[in-house]
Amino acid sequence: MANDYDELRTEVKESQNDSLEALKSASAPDPNSVVRELDATDDMDSVGIPGGEFVAEELVVQIVPQRDDEFTCYSCFLVRHRSQMAREKDGHAYCIECEG
């Protein structure tokens with residue numbers, strides 16, 4: 001007897017029908033209850049984390065331009081030293097870690 005390997009097995013068909021029936025019979029949440037839950041979560045966010053503190057300081061970072069002996073890897077987009085270049089193809093450089 002020949003087997004049709006493209007046909008779904010009977011237990012798979014039954015489980016698909018069962019899950020479809022379960023989805024159809026499941027009741028959707030009330031839209032108002034979802035809004036109330038989201039509002040309650042927002043209220044909890046404003047309280048803060050116990051033991052944590054809020055620091056209102058601005059982060060200051062000095063940005064150094066890319067040097068002549070550095071390149072930006074086209075795969076991971078990190079700036080690396082020329083000694084870490086694995087290959088260069090079509091004007092795009094790739095680092096050792098991305099090629100390794």
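Subtract the Cα-Cα distance of V34 and Q66 from 0.36 nm times their separation in residues, and report this length gain in nm to one decimal.
Here the answer is 6.6 nm.
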Placed amide H near S75: partners under 5 Å, 5+ positions off or other chain | C95
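Rule-based calculations on the coordinates, nothing more; no lab input. All of these numbers come straight from a predicted model, not from anything done at the bench.
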